[in-house]
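Here is the structure we will look at, set down as structure tokens.
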Amino acid sequence: MLVVDVVLETYDVLEFTAWPIAEPSSDRRLVLSGQMSPAEVGTAIAVIFSYNRISVDSVRDLTADLLDEHLAEAEALIAPGGLCFRDTTTHVQVAPGCCFGLENWRDWWDVARGQDLWLGHDPTPQLEHHDQAICLRQSDQDDSQFIEIPLNELPSLLISAQQQLSSFLTLVQQWTTNTAPSLTNRLVAALDEHLRINK
């Protein structure tokens, strides 16, 4: 069975102390979904703020003004991570490469339309088109470790990714309402826009 997870890399929050976050997983990836704990949502927000170099020393720093100042200067919110594809039968997974970014996840729709896509590097995901399927492998895996995704199944996987992101956004709204209420609407709108969740 083919599965897609939306993931964030959590390396940027190894020393984070501004608010409670979850213990990192062994692979330093956090799966975004509607099943996350408040601490995991806090981790995701910490990753996004840290990766965008939005300085926060405590939860009191979480304000709409701080976010607006960053967006006025950088004009974007980006996030380390992306789509991680797994084959639950063969146990092969292909993780997102560095510098592709979660904000680029909708570019996978170009692949569904038969186009090629640069997927980042280190470890570099490799994509090849074969008739009515794509073959995915990680550059540090041997040739037998790959995932084959029929092109007609890719849209449903991408719809699943969008649903996971939308459910995550609902949890962000709940977390921010409880943690930094004045930021809630602005942060939800910014994540929705810049990570292209529902747009």
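The values are calculated or read from the model by the stated rules, or taken from the named source; none is laboratory data. In this text, all values refer to a predicted model and were calculated from it rather than measured experimentally. Heads up, the Cβs are rebuilt from the backbone with ideal geometry, glycines too, and the neighbour counts pull from every protein chain shown. These accessible areas exclude ligands, DNA and RNA; they are computed on the full protein's heavy atoms, side chains included. Shrake-Rupley method; radii C 1.70, N 1.55, O 1.52, S 1.80 Å.
Give the residues of segment 55-96 that are among the charged types (D, E, K, R) and assigned to a loop (DSSP other than H, G, I, E, B), sorted by residue number. It would help to see each step written out before you state the result.
Of all residues in segment 55-96, those among the charged types (D, E, K, R) come to 57, 60-61, 65, 68-69, 73, 75, 86-87.
Those that are among the charged types (D, E, K, R) and assigned to a loop (DSSP other than H, G, I, E, B): Asp57, Glu75.
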* Here is a list of conditions, (1) open to solvent by 60 Å² or more (accessible area, probe 1.4 Å); (2) of a type in the set (Val, Ile, Thr); (3) without any contact (Cβ under 8 Å) to a residue 24 or more places away in the chain, and Thr170 meets all of them except one; can you say which number that is? -> (3)
* To do: Could you tell me which residue of segment 74-122 is least open to solvent (accessible area, probe 1.4 Å), considering only residues that are acidic (Asp, Glu), out of contact with any Ser or Thr (no Cβ under 9 Å at 6 or more places or on another chain) and over 18 Å from Leu32 (Cα atoms)?
  => Asp87
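Here is a yes/no grid of residues against (1) over 15 Å from Thr89 (Cβ atoms); (2) in contact with a Leu (Cβ under 8 Å, 6 or more places away or on another chain):
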site: Asp116; (1), (2): yes, yes
site: Leu119; (1), (2): yes, yes
site: Pro123; (1), (2): yes, no
site: His130; (1), (2): yes, no
site: Leu136; (1), (2): no, yes
site: Asp140; (1), (2): yes, no
site: Pro150; (1), (2): no, no
site: Leu154; (1), (2): yes, no
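Check segment 183-199 and report whether any residue there is modelled with pLDDT under 95 and closer than 17 Å to Ser33 by Cα.
yes
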* Structure fact -> So, first residue under 16 Å from Thr43 (Cα atoms) and assigned to a helix (DSSP H, G or I) in segment 176-187, second residue open to solvent by less than 10 Å² (accessible area, probe 1.4 Å) and at pLDDT below 95, Cβ within less than 9 Å, six or more apart or across chains; the pairs are Thr176/Leu62; Thr179/Leu62; Leu187/Leu62
* Asked: Out of the residues in segment 16-73 that are hydroxyl-bearing (Ser, Thr, Tyr) and under 23 Å from Ser160 (Cα atoms), which is surrounded by the most Cβ atoms within 10 Å (Cβ to Cβ)?
  -> Thr43
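Condition first: more than 30 Å from Ser144 (Cβ to Cβ) and exposed (fewer than 14 other Cβ atoms within 10 Å of the Cβ). Can you find one or more residues in segment 4-15 that meet it?
The answer is yes; a qualifying residue exists.
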